[in-house]
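Report on one structure; see the data block that follows.
The values are calculated or read from the model by the stated rules, or taken from the named source; none is laboratory data. Quick caveat: nothing in here was measured; it's all calculated off a predicted structure. Cβ coordinates were reconstructed from backbone atoms using ideal geometry, including for glycine residues, and neighbour counts include every protein chain displayed. The area values use the complete protein model at the heavy-atom level, side chains included, leaving out ligands, DNA and RNA. Shrake-Rupley method; radii C 1.70, N 1.55, O 1.52, S 1.80 Å.
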Amino acid sequence: MTSHSIREDRDDSYVVIGDGVAGSSAADVLAERADDAAITVLTAESEPLYNRILIKEYAKGTVPEETVQIHDQAWYDERDIDLELDTRVSTIETDDNAVVTAGGERYHYDKLLVATGGTPRSLPVPNADAEGVTSFWTIEDARRIREKAAAAETGTIVGGGLLGIDYAAIAAAQDVDASYLIREDRWFSRAMSETGAAIVHDALEERGVTPVLETTVDHFETDDDGHVVATVDSEGDVYDSDCVGVAIGTESNTAFLEGTPITVEDGVVVDGRLQTDDPDVYAAGDVAQYHDRRLGRPVKNGSWGSAAAQGEHAAENMLAPAGAGEHFEFVPSYTVTHFSFPMASFGHPGLGETYRERKYGETEWRRLAFRDGMLVGGVLIGDLSVLQPLKELTASGRRIQGRAGELLAPTFDGFADVTAPSPIASD
């Protein structure tokens, strides 16, 4: 077993597990701020950071693969960051401040960041691992999906969330006649009303994708070569499927933390500073379940902008004196541009206690989520000019529900008496 200790010419050692945008952003801050530190990034992926937002466009065939790439090896070399690709972590020895890899390598750290993200959930049904059944998370997935969709005439999409809509767009772009199976009675049900979802359902059908609501997959049928040929739902209905896309959420990559004192629930539990139970270990991105002071509860959000901000914030706190450091606050947003109209969600639209909405036209609609009088999120279809002022109100933490009518005005551009102390950014 090889042990990697702090180099004699370095004061401190920082290890980052994961080279997604959270881990890479953290490593960048550490390299800039900690001049005499040894910085190591361990990642199970086979290539450096790429843009997870753009891989859906690559899978659709609208951009070349080089557009998706963000960092190359030179980026890490220039910052004196040791990037270890194809390296899977097996455990953390918190008593010894060491990360142990599946290959038997040991990396000692003074501070450690866990930014391991998630893995797509698989359907627990027969033939879910058949050839042609795909999930969508990595650039390797995008390459496979692009190839399968280009050769397919029919397909099935499973999962009524934001990744599912990306799959639907890929099918439409590749002229695949697709059925979109959604367990709930509408797409994005935790945030959308029937009125808003109907706009999306109509747009899907216009592009050759048929929503099939309130159904689940019973099993997949395959040919003699083990390739998927059909999807059978819970009602016994059969959908021809030259390819299948499964997007039913993700599971946090935390298995390597079993047996450690680090608490894992729906992800790695961290406080507002993104610090775990162990003062030397932090977490950021998809894998982190952090405390949101505005909501007064733990939340997860690994959207691109949020994950990048978490990585930077965790790195700043790793460099701060013990007990110091700022709490993480951020209002995320996610924009969908697959249709003739734009669409965006912001904040945590699924955490509302009450909702107010308004429809302005065939493809223009707005829904706002309130909790304890505060605006906590929403979904916009059509006009996105109100996105930034609504995010600022969300960040302010002000109890603003009584002015919901003004927030739903067609030309709303913010309140002069409300400021936004929290970071605001878009994905």
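Set the Förster radius R0 to 56 Å, insert the Cβ-Cβ distance between Glu206 and Glu326 as r into 1/(1 + (r/R0)^6), and round the FRET efficiency to 0.05. All intermediate terms of the calculation are to be shown ahead of the outcome.
Numbers: r = 46 Å, r/R0 = 0.83.
The calculated FRET efficiency here is 0.75.
What percentages, rounded to whole numbers, describe P(r) for the range 62-184 computed over all alpha carbon pairs with 10 Å bin width beginning at zero?
The calculated distribution, bin by bin, is 10, 30, 26, 22, 12, 1.
Once Rh for the range 345-401 is found with the Kirkwood sum over Cα pairs, what is the Stokes-Einstein diffusion coefficient at 4 °C and 1.567 mPa s, in µm²/s? If you can, show how the numbers build up before the last one.
Working: Rh = 11.2 Å.
Here the translational diffusion coefficient equals 116 µm²/s.
Taking only protein heavy atoms and a 1.4 Å probe, what accessible area per residue, in Å², does the chain have with all protein chains in place? Write out the running numbers ahead of the final one.
On the way: 17960 Å² over 427 residues.
That works out to 42 Å² for each residue.
Working out 0.36 nm times the residue gap between Ala255 and Arg106, then minus their Cα-Cα distance, what length gain in nm do you get to one decimal? Could the numbers behind the result be given before it?
Numbers: separation 149, 0.36 × 149 = 53.64 nm, distance 1.76 nm.
Extending this stretch completely gives an extra 51.9 nm.
Kirkwood Rh, the range 213-302, all Cα pairs: how many Å?
Hydrodynamic radius (Kirkwood, Cα only) of the range 213-302 equals 16.3 Å.
I want the antiparallel fraction of DSSP beta bridges within the chain, as a percent rounded to 5.
Details: 49 of 89 bridges.
So the antiparallel bridges amount to about 55 percent of the total.
Before anything else, pin down the relative contact order of the range 97-194: Cα pairs under 8 Å, at least 6 apart, normalised by residue count, whole percent. Display every interim value, and only then the final one.
Numbers: 82 pairs, mean separation 17.3, N = 98.
Relative CO of the range 97-194 lands at 18 percent.
Would you mind getting me the FRET efficiency between Glu235 and Asp129? Use the beta-carbon distance for r and R0 = 30 Å, nearest 0.05.
Working: r = 23 Å, r/R0 = 0.78.
Working from the Cβ atoms, E equals 0.80.
Mind checking which lysines have their C-alpha under 28 Å from Lys56, skipping anything on the same chain fewer than 8 residues away?
Here the lysines satisfying the reach criterion relative to Lys56 are Lys148, Lys300, Lys391.
As a test of understanding, state the convex hull volume per residue of the range 175-228 from its alpha carbons, in Å³.
Details: hull volume 4.6 nm³, N = 54.
It is 85 Å³ per residue.
Under 16 Å from the 7 Å Cα→Cβ point of Asp36, by amide nitrogen: which residues of the range 83-126?
Residues passing the 16 Å test: 110.
Summarise the accessible area of the range 56-157 (1.4 Å probe, protein heavy atoms) by the percent that is carbon and sulfur. Show your work: numbers first, answer last.
Working: 2060 of 4720 Å².
So the carbon and sulfur contribution to the accessible surface is 44 percent.
Using the Cα centre of the chain as the reference point, and only Cβ charges (+1 on K/R, -1 on D/E), how large is the resulting charge dipole? Debye, rounded to the nearest 20.
Values: 34 positive and 77 negative charges, 402 e Å.
Using Cβ point charges on Lys, Arg, Asp and Glu, the chain gives about 1940 debye.
Ratio to report: Rg/Rh of the range 297-340, with Cα atoms as the point set and Rh obtained by the Kirkwood method; give two decimals.
Values: Rg = 14.1 Å, Rh = 12.3 Å.
For the range 297-340, the value is 1.14.
Taking N as the number of residues in the range 122-235, what is its alpha-carbon radius of gyration divided by 2.2 N^0.38 Å?
Working: Rg = 13.7 Å, N = 114, 2.2 N^0.38 = 13.3 Å.
With N residues counted in the range 122-235, Rg over 2.2 N^0.38 Å equals 1.03.
If you build a Gaussian network model of the chain, linking Cα atoms that sit under 10 Å apart, which residue out of Ala395, Ala44, Ala178 swings the most?
Looking only at Ala395, Ala44, Ala178, the largest GNM fluctuation is found for Ala44.
Under unit Cβ charges (Lys, Arg +1; Asp, Glu -1), what dipole magnitude, rounded to 20 debye, does the range 9-122 have relative to its Cα centre? Numbers along the way, then the final one.
Numbers: 10 positive and 25 negative charges, 169 e Å.
That gives the range 9-122 a dipole magnitude of about 820 debye.
Would you look at the GNM of the chain, springs on alpha carbons closer than 10 Å, and say which of Gln388, Gln289, Gln310 moves the most?
Largest GNM mean-square fluctuation: Gln388.
If Rh is defined by the Kirkwood formula over all Cα pairs and Rg also comes from Cα, what ratio Rg/Rh do you get for the range 255-361?
Details: Rg = 16.4 Å, Rh = 15.5 Å.
Using Cα coordinates only, the ratio equals 1.06.
Let's see if you can work this out: charge +1 on each Lys and Arg Cβ, -1 on each Asp and Glu Cβ, no other charges. What is the dipole magnitude of the range 304-368 about its Cα centre, in debye to the nearest 20? Each step should come with its number before you reach the end.
Working: 5 positive and 8 negative charges, 76 e Å.
That gives the range 304-368 a dipole magnitude of about 360 debye.
Dividing the alpha-carbon Rg of the chain by 2.2 N^0.38 Å yields what?
On the way: Rg = 22.5 Å, N = 427, 2.2 N^0.38 = 22.0 Å.
Dividing the Cα Rg of the chain by 2.2 N^0.38 Å gives 1.02.
Considering the options Tyr355, Thr94, Val246, tell which one lies farthest towards the positive end of the dipole of the chain, charges being +1 on Lys and Arg and -1 on Asp and Glu at the Cβ, about the Cα centre.
Tyr355
Which value, in Å³ per residue, describes the convex hull spanned by the Cα atoms of the range 1-130?
Values: hull volume 17.8 nm³, N = 130.
Convex hull of Cα atoms, per residue: 137 Å³.
Which GluC sites (Glu not before Pro) does the range 297-356 hold that lie in a coil by DSSP with at most 12 other beta carbons within 10 Å?
Details: sites: Glu312, Glu316, Glu326, Glu329, Glu353; in loops: Glu326, Glu329, Glu353.
For GluC sites (Glu not before Pro) across the range 297-356 that sit outside H, G, I, E and B with at most 12 neighbouring Cβ atoms in 10 Å, the list reads Glu326, Glu353.
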